[in-house]
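Participant: Here's a structure for you.
The values are calculated or read from the model by the stated rules, or taken from the named source; none is laboratory data. Please read these numbers as outputs of a predicted model, since none were measured by experiment. Glycine gets a Cβ as well: all are built from the backbone with ideal geometry, and neighbour counts include every protein chain shown. These area figures cover heavy atoms from the full protein model, side chains too; ligands, DNA and RNA do not enter into them. Shrake-Rupley method; radii C 1.70, N 1.55, O 1.52, S 1.80 Å.
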Amino acid sequence: MRLLVDTATFIWALHSPERISARALSAMRDDGAVRELSALSITEIAIKTGKGKLDIQREDVLVGLADLRMQVLPWNARHAFKLFDLPLHHNDPFDRQILAQALAENIPIVTPDEKFELYPGIEVIW
């Protein structure tokens, strides 16, 4: 099973795994799971680190990806076109793009964000 891990969950997995629900941890630890992090999450982390909102460096992300055995899901035009179909439940552009990716790829999102469940077709694991 493929899993798209959202930015907050990835950050918590690096620094505070106790904040992740038992169900989400179980799904992420499943040996059969293909854990994916959006390239957009890396962008979000880099931007927020640059603004001083986060203190996560490039090497932290690289080590986290390796330790968590995650693949990076690239952003593409098919994902971007899915944004036209999304209702406006979120103003955060990163959340909206990650939702669009999950819908386009038909994969569940591992997220604590309850607003994600407002989008038809999204499966949230938390």
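Participant: For residue 98, indicate whether it is of a type in the set (Val, Ile, Thr), surrounded by 13 or more Cβ atoms within 10 Å (Cβ to Cβ) and assigned to a helix (DSSP H, G or I). Walk me through how you get there before you give the answer.
Facilitator: Values: of a type in the set (Val, Ile, Thr): yes; surrounded by 13 or more Cβ atoms within 10 Å (Cβ to Cβ): yes; assigned to a helix (DSSP H, G or I): yes.
Judged against the criteria, residue 98 is a match.
Participant: Count, please, the residues in segment 31-66 that happen to be of a type in the set (Asp, Glu) and in contact (Cβ under 8 Å) with a residue 24 or more places away in the chain. Steps first, please.
Facilitator: Here is the first cut: in segment 31-66, the residues of a type in the set (Asp, Glu) are 31, 36, 44, 55, 59-60.
Checking which are in contact (Cβ under 8 Å) with a residue 24 or more places away in the chain leaves us with 36, 44, 60.
Qualifying residue count, segment 31-66: 3.
Participant: So which strands (runs of 3 or more DSSP E) are wholly in segment 1-95 and hold at least 1 residues that are under 17 Å from residue 123 (Cα atoms)?
Facilitator: Details: elements: 2-5, 34-38, 70-73.
Per the criteria, 2-5, 34-38.
Participant: Exactly one of (1) under 22 Å from residue 21 (Cβ atoms); (2) open to solvent by 50 Å² or more (accessible area, probe 1.4 Å); (3) of a type outside the set (Val, Ile, Thr) is unmet by residue 55. Its number?
Facilitator: (1)
Participant: Restricting to segment 102-115, name every residue that is outside any loop (DSSP other than H, G, I, E, B), surrounded by fewer than 24 Cβ atoms within 10 Å (Cβ to Cβ) and not charged (D, E, K, R). Steps first, answer last, please.
Facilitator: We begin by selecting, within segment 102-115, every residue outside any loop (DSSP other than H, G, I, E, B); these are 102-105, 109-110, 114-115.
Now restrict to residues that are surrounded by fewer than 24 Cβ atoms within 10 Å (Cβ to Cβ): 103-105, 114-115.
Answer for segment 102-115, where residues must be outside any loop (DSSP other than H, G, I, E, B), surrounded by fewer than 24 Cβ atoms within 10 Å (Cβ to Cβ) and not charged (D, E, K, R): 103, 104.
Participant: Output the number of the condition that residue 71 fails; it satisfies all remaining conditions of (1) of a type outside the set (Asp, Glu); (2) surrounded by 14 or more Cβ atoms within 10 Å (Cβ to Cβ); (3) within 14 Å of the chain's Cα centre (by Cα).
Facilitator: Against the list (1) of a type outside the set (Asp, Glu); (2) surrounded by 14 or more Cβ atoms within 10 Å (Cβ to Cβ); (3) within 14 Å of the chain's Cα centre (by Cα), residue 71 comes up short only on (2).
Participant: Okay, next question. Among the residues that make up segment 33-50, is at least one of them modelled with pLDDT of 95 or more and open to solvent by 80 Å² or more (accessible area, probe 1.4 Å)?
Facilitator: Restricting attention to segment 33-50, the residues satisfying the condition of being modelled with pLDDT of 95 or more are 33-50.
When the remaining residues are screened for being open to solvent by 80 Å² or more (accessible area, probe 1.4 Å), the result is none.
No, segment 33-50 contains no residue that is modelled with pLDDT of 95 or more and open to solvent by 80 Å² or more (accessible area, probe 1.4 Å).
Participant: Of the conditions (1) among the hydrophobic types (A, V, I, L, M, F, W, C); (2) closer than 22 Å to residue 28 by Cα; (3) open to solvent by 70 Å² or more (accessible area, probe 1.4 Å), residue 84 satisfies every one except a single condition; which number is it?
Facilitator: Just one mismatch for residue 84, condition (2).
Participant: Within segment 58-68, is there a residue that is of a type in the set (Lys, Arg) and open to solvent by less than 20 Å² (accessible area, probe 1.4 Å)? Break it down stepwise before answering.
Facilitator: Residues of segment 58-68 that are of a type in the set (Lys, Arg), as a first pass: 58.
Cutting the leftovers down to open to solvent by less than 20 Å² (accessible area, probe 1.4 Å) gives us none.
For segment 58-68, residues of a type in the set (Lys, Arg) and open to solvent by less than 20 Å² (accessible area, probe 1.4 Å): absent.
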